[in-house]
Every structure is written in C-alpha cells, then in structure tokens.
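The values are calculated or read from the model by the stated rules, or taken from the named source; none is laboratory data. The structure displayed is predicted, hence computed values, not measured ones. Every residue, glycine among them, receives a Cβ derived from its backbone with ideal geometry; neighbour counts consider all protein chains shown. Accessible surface is based on the protein model in full, side chains and every heavy atom, while ligands, DNA and RNA are left aside. Shrake-Rupley method; radii C 1.70, N 1.55, O 1.52, S 1.80 Å.
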Amino acid sequence: MRVSIDRGWVLRWAPAGLALVFVLLQLIGMRQEAAYNDSYRYGMLTMKILGASEQEAHDESIQMICKRGALGYEQARTLHPVQLFTNPPMLDSSYADCVRSVPTADDFPPNSPRYQAIFENRYGYPLMSAPLAKVLGLERGMLLTAWLIAAGAGLMVFLLLRLFGATRGVALIGQVLFYVLPVGYWSARTLAEGSMVLTTLITIAGAWFLLQRNIKLGLALVVGGQLLGFLVKFSQVTMLSLTLVAAAVGIWLFDRQRRHLGTVVLAINSILVLAVSLLVPKILGWPGFSESLQDTFTEHFASPDVDVPWYRFVMFNKAYWTWFVQEQGNRPLLLVAIIVGAVALWRWQRSVALLVVAAGMTGIATEVAHPMWGEFDRLYTPVWVIAAIGLPLVWSLAERRRAATGTTPVPRVPAEDAPAPAEPNPEREAVTSGAPPGRTEL
C-alpha cells in the first residue's frame, strides 16, 4: 500500500517546520547554555525596560548567570572520569555561592563605569526580549527570544534565496545551512549576534528590492533594518553602511542592468546612514571606537589608558591575522566555504554577490576592530552568511549548465508507473523504417 504525500504541501510548510525543529533542538541543548558576561548586561537592560530598579535588575540577571555557571560546573564534574565518582554534586552550592559573591551590580566584573557605558545604548536585543521575559521570567524569556531571532534569521535566508531566483528546494538547503553553521549557533545565544544578523539580512532584502526598482518597499526595509540594527549595536550599522556603499559602487560598475535609480538610492541612503551612525553617538556622548580600543588594551579599564592605542591596534592586528592564516591552514573550512559561496554567488548574479558579500564582510570588519583570538568564531559570525546563501547555489548553477548544454537528466519513471509496452505492429514499423506497407524490410 502506497501512502500519498502532497509534495507541494510539504514544500510550502517546510521553512516553518525547519524553524520549529531548530527551536526544539535549542530546547534540548538548553542545559549547555553558557554564562556569558554580556548576557548579564543585556539582562540588566531587559529588566530596566520592564520597570525594575537597579538592584532588582541585578538580582534577576545574576541569578540567571549563576544558574548557567552552576550547570556548567556540574556538567564538567559529571564528564570527568574521576570527579564523577569522587566529588558530590555541587549544583545548589555553586549557585548559592555565586549569588552571594555578587551582591550588587558594582560587584560584577568588569565593573568599571566606562565598561558598563558601552552596553547602555544597546537596547535592541533587550527590547525584543522584554515581552517574553515578562511572561516567562528573565532567563527563559531571553533564551526563547534568542532562539526565535535565530529561527527568523534562517527564514530570512530562505526568503533571500527565493528572491534571488533559487528554487524552494535550494532555498531550504540554505536555511538548513544557516542553522547548522556557526552563524546559527551564535545567533541563538543570549547575545547581540542573532539580532545583528537578522537586521543585516532584512537590510539586504531591502537593498535587493531597490535593485528591482521597488523603491518604496526597498527603502522601507533598508531603513527599518538599519534602524533596528542601530538599536542593537550602532557600530554594526556603521560597518554595514560602509560595505553597502562599496556594494552599490560595485553593482554600478559590474551590472549594467542595475544602473538605475534604485542603485543610486541604495548608495545615497548608505552614505547618509553611515554619517548618522558616526555623528549621533558622538553628539550623545556614547563610547566610540577610541574608547573601545582603550577597553581592549587595558583589559576592560582595569589598568590606566595606553598612550598610543592606534599603534597597538595595528600591531595587534598584524599578530592576530598571522595567527588566523596559520589557523586556517590547519582548519580551512571557513575559507573554503566562503570562497566557494562567494564564487557561486558571483556566477549566479553579480549584484546578488556584492550584496551578500557586503553583509558577510561586516563580520571581518568586526574582527579587525576586535582581533581577539579567543572570541574570533563569535565576532566574525556574519561572514558565514556568504556560505549559507552561496553554497546552495552551486547546485542551481550545475542545473543551469546542464539545461544550457541540453544534458538535463530525464526523470526516471518507477517500473509500476511506466506505461505498458506497445504490441508489435509490422505495418507501423515498416512505415517508420521507410519500407512499403505490407512488406518487411530485411
């Protein structure tokens, strides 16, 4: 008995199904969620948005961090071949000791007011987390928000591939790649990476509509994505605007069909947003790149400011990228994936390639600004977008080439569905072979 499955129905609901599976997988791995220092800062902002006092916000945030840390210590004990059998469980005691050791926000390191000021303007992810945090509690609300943001970013990859002309099947492959590559992992953490990736993809979708001469929708998505990104982390918008200016110039030079008003609007908007992202923080007194350099070279302001941070910045990058090249020589997955993805995007459509590479290059720019080898896989997260969108197009390019050369394979028909062989007909065979009817050609 054969079960009939509506293939169209499956393909129609597959993107939502994949997003749901991704969220469920995060739920399975929830106990391994790490205690990130930045998560404490975002937890504080989330609680303040909900109306909590400074101390109430600290209490909720430190409980979240201490619980994560205690689970990590307990897991380390259970996975140790000796401690599993010799050391008693310490989940409750570790949690209680952690909470007691940090009674106020000023006791949570790094506790320099200059370091805390770096996070005070990053309201994007906390604003997204606040509704669920109010209903589910801070920890669960922030976790579920991060998972939904990452799932939504994967859906955006699917949508972008469809906008770029890929089939549903190819777009689904891109969505799966997003979820299983490091960009999916880091987007689902209680950090700002997921929000940054999502707003970047929304901006790229808007840029694509601008290239299709849909000015109103394109500009709305571009401005909306950049505004949300500004709330998440304004430095990310600065880098994205810079790369989009370069992309617009490249599109004008290499894609004659896109030399129209939409490309000009993309370039002008990107230049304006770049200026705003540089001027507004300065006017409002927000910490800028120079302060970020001092944060890096003073270990979060634990020591006096350095005299020549830019010199150290250049030398530190030199040392870092030397190490990075050596690292990629041993484990070249990242370079191979983004190079193959970028080439596939370029062969698919040059304007598409320039937009997606512009999004991915924000990860490289972030890594240049913060060349921290211990955090490199998190900091360059957006660069994986090139692989997630580009690699599935390798299959589409192969199909396109087979169709162009007339070598597209004929679908095989199952034996039970194949038509029965025709009965022999000497008259028809004779006509086909050129022999007179009624005679059989020898």
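Checking each residue in region 48-66 for being open to solvent by 30 Å² or more (accessible area, probe 1.4 Å), in a helix (DSSP H, G or I) and under 18 Å from Thr145 (Cβ atoms) picks out Lys48, Ile49, Glu60, Gln63.
Among the residues making up region 67-79, a single one is open to solvent by 60 Å² or more (accessible area, probe 1.4 Å) and either more than 13 Å from Leu91 (Cα to Cα) or in contact with a Cys (Cβ under 7 Å, 6 or more places away or on another chain) (or both): Leu79.
Scanning region 177-192 for residues that are open to solvent by 10 Å² or more (accessible area, probe 1.4 Å), in a helix (DSSP H, G or I) and either under 21 Å from Phe234 (Cβ atoms) or among the hydrophobic types (A, V, I, L, M, F, W, C) (or both) yields Leu177, Val180, Trp186.
Identify, from the list Ala192, Ala171, the residue that is over 29 Å from Asp38 (Cα atoms) and either touching an Asp or Glu at 6+ places or on another chain (Cβ under 6 Å) or in contact (Cβ under 8 Å) with a residue 40 or more places away in the chain (or both). Talk me through it step by step, then tell me what you get.
Values: Ala192 fails: over 29 Å from Asp38 (Cα atoms).
So the residue among Ala192, Ala171 that is over 29 Å from Asp38 (Cα atoms) and either touching an Asp or Glu at 6+ places or on another chain (Cβ under 6 Å) or in contact (Cβ under 8 Å) with a residue 40 or more places away in the chain (or both) is Ala171.
Residues in region 337-359 that are open to solvent by 10 Å² or more (accessible area, probe 1.4 Å), farther than 18 Å from Val183 by Cβ and part of a helix (DSSP H, G or I): Val343, Trp346, Arg347, Trp348, Arg350, Leu354. Specify which of the listed residues (Glu367, Glu441, Glu429, Glu416) is surrounded by 10 or more Cβ atoms within 10 Å (Cβ to Cβ) and at pLDDT below 50. The match here is Glu429.
Residues in region 299-308: is at least one assigned to a helix (DSSP H, G or I) and modelled with pLDDT of 90 or more? Walk me through it before giving the result.
Going residue by residue through region 299-308, those that are assigned to a helix (DSSP H, G or I) are none.
For region 299-308, residues assigned to a helix (DSSP H, G or I) and modelled with pLDDT of 90 or more: absent.
Note on region 68-124: residues that are over 31 Å from the mean Cα position of the chain (by Cα) and of a type in the set (Ser, Thr, Tyr) amount to 7. Of the candidates Arg401, Arg378, the single residue that is assigned to a helix (DSSP H, G or I) and closer than 30 Å to Tyr311 by Cα is Arg378.
Given the criteria modelled with pLDDT of 90 or more, open to solvent by 60 Å² or more (accessible area, probe 1.4 Å), within 30 Å of Leu227 (Cα to Cα) and among the aliphatic types (A, V, I, L, M), does Leu27 qualify?
The answer is no for Leu27.
Leu242 passes every criterion in (1) open to solvent by 60 Å² or more (accessible area, probe 1.4 Å); (2) within 20 Å of Phe119 (Cβ to Cβ) apart from (2).
Counting only residues that are surrounded by 11 or more Cβ atoms within 10 Å (Cβ to Cβ) and among the small types (Gly, Ala, Ser), region 278-336 holds 5 of them. Note on region 30-46: residues that are part of a helix (DSSP H, G or I), among the aliphatic types (A, V, I, L, M) and open to solvent by 30 Å² or more (accessible area, probe 1.4 Å) amount to 1.
Among residues of region 49-71 that are within 21 Å of Asn121 (Cβ to Cβ), those with a beta-carbon under 8 Å from a residue that is surrounded by fewer than 21 Cβ atoms within 10 Å (Cβ to Cβ) and basic (Lys, Arg) at least six positions away or on a different chain give the pairs Leu50/Lys134; Glu54/Lys48; Ala57/Lys48.
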